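S.K.: The structure's right below; bear with me while I get my questions together.
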Amino acid sequence: MITAEESFATVAEQAPAMIWRGDAHGKCIYLNRAQREFWGLAPEDVARFSWADTLLAEDSEKVFGPFAQGMQAHQGFECEARYRRADGEVRILRTLAQPQFNAAGAFTGMVGVNTDVTELRESEARLRLLMGEMNHRVKNLLSTVLSIAVQTGRSAQTVAAFNTSFQARVMSLAKSHDLLLRDASDSADLREILEAELRPYAPEAGGVRTLNLHGEPIRLAARNALGLALVVHELATNAAKYGAYSASGGLDVSWTYEPGEDLVTLQWREHGGPPVVQPRPPGFGSRLIAAVLKSDLSGRIESRFTPAGLHAELHFRAHAV
């Protein structure tokens, strides 16, 4: 005749969950195969094993607090805590336990199930981080769009002019977001940002305008990439209205990077366009460029209006500041 104890052990040994039983003193009476493998034990080691020694000290209250409440209420409880596995790796175990009492109400032991929820909790933490980053990015984006709307409205002479300028600037942000979302690293390549903003003005084949880009690969953090895209959009718009791209001119853009200072220096050289003069006072585009460089990239711009065209030097950070 198979006893209930033997029947329980037979089923528990095959169970994928970690099943255990303890006595009234907290010592292990039984650990099933899955639980023994977690702690690297042979069946004969169970009686001498102290599970509390594998519990991280800072998580003790997470276990003994619910345990005390369950004992007092004579009901099951659950908890989560970190334990050190046989290979030394720290894992998070979720415990469902049921204290047992005899007819006189005396505590006789406990039975429970442990589930390794490490990957689940790590996934939840990554999701919270992602949601926080998305919330932060959306707030920044809305703030940027609002600022563009206000500034564009101040400088636009007509509703049509406002619509044209505002839509173009928002589309510039959208293209940069496409670059960021395409790459899981939450950053964008400097050359790709320049290509996205400038290539429409100077097609690679058959165009009368030219575009030359020179520089090492540099990745910009999300906020910095969006800020630079807006700056380059304004420079390109000015080039199309008044500079090299208003005629059959060309543009050379080169850059260098100093990793120690996280500093990018970008040279903007227009040539072959009509003579340019420095606007007095600076227009909205110039003010926006300076403001975005300062606020989003901790940067600045130095401009020279030469007979050949606009020569500008931009200094800015590649990563968030």
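The values are calculated or read from the model by the stated rules, or taken from the named source; none is laboratory data. Since this is a predicted model, take the numbers as computed values, not measurements. All Cβ positions, glycine included, derive from the backbone under ideal geometry; neighbour counts span all protein chains shown.
Table: residues versus (1) in a strand (DSSP E or B); (2) not small (G, A, S).
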site: A34; (1), (2): no, no
site: F67; (1), (2): no, yes
site: G88; (1), (2): no, no
site: L93; (1), (2): yes, yes
site: A97; (1), (2): yes, no
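S.K.: Can you pull out every residue in the range 232-257 that is surrounded by 23 or more Cβ atoms within 10 Å (Cβ to Cβ) and hydroxyl-bearing (S, T, Y)?
M.R.: Y245
S.K.: Out of (1) over 19 Å from E192 (Cα atoms); (2) at pLDDT 85 or above, the odd one out for T256 is which?
M.R.: (1)
S.K.: Step by step: first the residues of the range 267-286, then only those that are in contact with a helix residue (DSSP H, G or I) (Cβ under 8 Å, 6 or more places away or on another chain) and at pLDDT 85 or above, then the one that is surrounded by the most Cβ atoms within 10 Å (Cβ to Cβ). Which residue is that?
M.R.: Checking each candidate, the answer is E270.
S.K.: Determine if the range 237-248 includes at least one residue that is assigned by TED's automatic domain parsing to the domain that holds A174, over 24 Å from M171 (Cβ atoms) and either touching a residue at least 40 places away in the same chain (Cβ under 8 Å) or touching a Lys or Arg at 6+ places or on another chain (Cβ under 7 Å) (or both).
M.R.: Yes.
S.K.: If you don't mind, there's one more thing I want to ask. When the residues of the range 75-86 are filtered to those that are part of a loop (DSSP other than H, G, I, E, B) and in contact with a strand residue (DSSP E or B) (Cβ under 6 Å, 6 or more places away or on another chain), which remaining residue is surrounded by the fewest Cβ atoms within 10 Å (Cβ to Cβ)? Even if it seems obvious, please write down each step before you answer.
M.R.: Just the residues of the range 75-86 that are part of a loop (DSSP other than H, G, I, E, B), to begin with: 75-76, 85-86.
With the extra rule that they be in contact with a strand residue (DSSP E or B) (Cβ under 6 Å, 6 or more places away or on another chain), the set shrinks to 76, 85.
Numbers: G76: 14, R85: 16.
Within the range 75-86, the match that is surrounded by the fewest Cβ atoms within 10 Å (Cβ to Cβ) is G76.
S.K.: Another question, then. Can you tell which of Q157, Q167 is at negative phi, modelled with pLDDT of 75 or more and in a helix (DSSP H, G or I)? Break it down stepwise before answering.
M.R.: Values: Q157 fails: in a helix (DSSP H, G or I).
Only one candidate passes the filter, namely Q167.
S.K.: OK, next. Kindly provide the set of residues from the range 253-299 that are assigned to a strand (DSSP E or B) and either in contact (Cβ under 8 Å) with a residue 60 or more places away in the chain or within 16 Å of E234 (Cα to Cα) (or both), ordered by number. Don't jump to the end; show me each part of the working.
M.R.: Kept after step one, since they are assigned to a strand (DSSP E or B), are these residues of the range 253-299: 253-258, 263-271.
Correct list: V253, W255, Y257, V264, L266, Q267, W268, R269, E270.
S.K.: Would you call V63 assigned by TED's automatic domain parsing to the domain that holds I29, of a type in the set (A, V, I, L, M, F, W, C) and closer than 19 Å to E119 by Cβ?
M.R.: Criteria not met by V63.
S.K.: While we're looking at this one, here's another question. Only one of these conditions is not met by L146: (1) modelled with pLDDT of 70 or more; (2) more than 29 Å from the chain's Cα centre (by Cα). Which number is it?
M.R.: Every listed condition holds for L146 apart from (2).
S.K.: Separate question: Here are I19, I29: which of them is among the β-branched types (V, I, T), part of a strand (DSSP E or B) and crowded, with 18+ Cβ neighbours inside 10 Å? Reasoning before the result, please.
M.R.: Numbers: I29 fails: crowded, with 18+ Cβ neighbours inside 10 Å.
None of the others qualify; the one that does is I19.
S.K.: Can you tell me which residue is modelled with the lowest pLDDT among those in the range 197-227 that are touching a strand residue (DSSP E or B) at 6+ places or on another chain (Cβ under 6 Å) and among the hydrophobic types (A, V, I, L, M, F, W, C)?
M.R.: A202
S.K.: Another one. Being within 21 Å of E119 (Cα to Cα), touching a residue at least 24 places away in the same chain (Cβ under 8 Å) and more than 36 Å from the chain's Cα centre (by Cα): is that true of G40 here? Write out each step before concluding.
M.R.: Numbers: within 21 Å of E119 (Cα to Cα): yes; touching a residue at least 24 places away in the same chain (Cβ under 8 Å): yes; more than 36 Å from the chain's Cα centre (by Cα): yes.
Here the answer is yes, as G40 does meet what is asked.
So that you can scan it fast, the table gives a plain yes or no per residue for (1) touching a strand residue (DSSP E or B) at 6+ places or on another chain (Cβ under 6 Å); (2) closer than 18 Å to A15 by Cβ:
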| site | (1), (2) |
| --- | --- |
| K27 | no, no |
| P43 | no, yes |
| F49 | yes, no |
| D53 | no, no |
| G65 | no, no |
| A68 | no, no |
| G88 | no, no |
| I92 | yes, no |
| V113 | yes, yes |
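S.K.: State whether the residues of the range 303-320 include one that is β-branched (V, I, T) and either touching a residue at least 40 places away in the same chain (Cβ under 8 Å) or under 19 Å from S187 (Cβ atoms) (or both).
M.R.: Within the range 303-320, the subset β-branched (V, I, T) is 306.
Keeping just the survivors that are either touching a residue at least 40 places away in the same chain (Cβ under 8 Å) or under 19 Å from S187 (Cβ atoms) (or both) gives none.
No, every residue in the range 303-320 fails to be β-branched (V, I, T) and either touching a residue at least 40 places away in the same chain (Cβ under 8 Å) or under 19 Å from S187 (Cβ atoms) (or both).
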